[in-house]
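J.: Could you have a look at this structure, given as structure tokens, before my questions?
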């Protein structure tokens, strides 16, 4: 028995959350290789793995941003247009939206697949970075320039614009409802937006500035900033799926149900009246 037995995984929100978790897992799968690389200052996994890990890194990174944006937009539809979008927010809408996110994220990674390579920079030291020289049949300058603007508009300005717009509309709707308990949602929304701004914007700004740096001194200074902001972004993308999941009231209720079911002794510490037993009773099967 697990959490999935208490909740339909085919709902729109759960489909988006599952894809968000999956994209974060893809992103995190690249971190052990990146960690070894940073520790040794030497890439030991070969040319093919350099391209694969670099592509996986950006695939998880880009898709996580877009899924967070999509999840925000979906919550905006659910709160602001709760009645009029009942026919729009269905399983097909969720599946198609997720497919578009994966397609766009995959196409955005082509730059990394083409430009990432291994090359020697010192005795017995190998770098795994964007190749600084020219490549056969590839206009490196145009590819890097297009990647710069893609990063700027599609994975920074666009997500921020959508998130700001959606949460402003949500806040206005919640406040206008004049229900006291709804103000907790406003506080939660503020925290989500604040975390996104703190963790996501500095990293992107440093990346964009680094791409435009012309002198070694500028690149070195931005390199230190890159290390700091990247680690902050890592933390956010690792905890964001858990954060988005556990703040849901339904999930909290189901989690209490699971705890009480597994550990009956906790019943005296967890108020059973705080959640409904309906799902537990209706979804329980003889197979346990």
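J.: Using alpha carbons only, what's the Rg to Rh ratio of region 91-169 with Rh from Kirkwood?
T.: That ratio is 1.14, to two decimals.
J.: Moving on to the next point. Can you tell me the convex hull volume per residue for region 8-175, based on C-alpha atoms, in Å³ to the nearest whole number?
T.: Spelled out: Cα convex hull of region 8-175, divided by residues, is 140 Å³.
J.: Here is a further query. Between residue 40 and residue 173, with labels modelled 7 Å along Cα→Cβ, what's the label distance in nm to one decimal, could you check?
T.: Calculated label separation equals 5.1 nm.
J.: Another question, if that's okay. Which FRET efficiency value, to the nearest 0.05, do you get for residue 149 and residue 262 by plugging their Cβ-Cβ distance into 1/(1 + (r/R0)^6) with R0 = 45 Å?
T.: Once rounded, the FRET efficiency stands at 0.30.
J.: As a footprinting exposure proxy, order 75, 262 by other Cβ within 10 Å, with the fewest listed first.
T.: By the 10 Å Cβ count, ascending: 262, 75.
J.: Taking the Cα-to-Cβ direction at residue 164 and at residue 131 and moving 7 Å from each Cα, how far apart do the two end points lie in nm?
T.: Output for this residue pair reads 4.0 nm.
J.: Just subtract the alpha-carbon distance of residue 100 and residue 124 from 0.36 nm times their residue separation and send over the number in nm, one decimal.
T.: 4.4 nm
J.: For the residues 175, 163, what sequence is obtained by ranking on other C-beta atoms within 10 Å, fewest first?
T.: The most exposed by this proxy come first: 175, 163.
J.: I've got another one for you. Among 263, 226, 203, which comes first, then next, by fewest other beta-carbon atoms within 10 Å?
T.: Listed from fewest to most nearby Cβ atoms, that is 263, 226, 203.
Where a number appears in this text, it was derived from the coordinates with a stated rule and is not lab data. Note that this is a predicted model, so its numbers are computed, not measured. Because the Cβ atoms are built from the backbone with ideal geometry, glycine has one as well, and the counts that use them run over all protein chains shown.
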